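Please read the structure below before turning to the comments.
The values are calculated or read from the model by the stated rules, or taken from the named source; none is laboratory data. Just so you know, these numbers come straight off a predicted model, no measurement behind them. Counting neighbours? That spans all protein chains shown, and the Cβs are built from the backbone with ideal geometry, glycine included.
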Amino acid sequence: MPDPSHVLEMEDLQIRGDLTVEVQPVGLGDVQMRQLRGKSIRLVQVIWDKRTGDSTCELEGDVRKSYPHLFSSKSQFSG
């Protein structure tokens, strides 16, 4: 008898004609201020996969432009 805890859930992936997959972020993590050539920049941690915790640090402005819905429930990121 198979163990139901070993069943993997399938993800609905949209594969493009050039065989690439667009991955959507699932949430935001920490915010960091960094100094770069005399300017302060804000970086946000973008979480791409909840299960593995895969994340990257991205410029806040770029993330706001591409994924504004991530900021709608995060009052700490306003500004």
(Q) When the residues of the stretch 39-63 are narrowed to those that are more than 11 Å from residue 28 (Cα to Cα) and among the hydroxyl-bearing types (Ser, Thr, Tyr), which ends up modelled with the lowest pLDDT? (A) 52
Q: For the stretch 64-79, state whether one or more residues are in a strand (DSSP E or B), surrounded by 13 or more Cβ atoms within 10 Å (Cβ to Cβ) and either in contact with a Pro (Cβ under 7 Å, 6 or more places away or on another chain) or at pLDDT 85 or above (or both).
A: no
Q: For the stretch 58-71, indicate whether the set of residues that are in contact with a strand residue (DSSP E or B) (Cβ under 6 Å, 6 or more places away or on another chain), within 28 Å of residue 9 (Cα to Cα) and free of Cβ contacts under 8 Å to residues at least 24 places away in the same chain is non-empty.
A: no
Q) Which pairs have Cβ atoms under 8 Å, sit 6 or more apart or on different chains, and link a residue in the stretch 29-40 that is closer than 11 Å to residue 60 by Cα to one that is loosely packed, with under 10 Cβ neighbours inside 10 Å and modelled with pLDDT of 90 or more? A) 33/40
(Q) Can you find, within the stretch 1-31, the residue that is farthest from the chain's Cα centre (by Cα) among those that are β-branched (Val, Ile, Thr) and in a loop (DSSP other than H, G, I, E, B)? (A) 7
Q. Which of the residues belonging to the stretch 32-55 are surrounded by fewer than 12 Cβ atoms within 10 Å (Cβ to Cβ) and either in a strand (DSSP E or B) or among the β-branched types (Val, Ile, Thr) (or both)?
A. 33, 34, 35, 36, 39, 40, 52
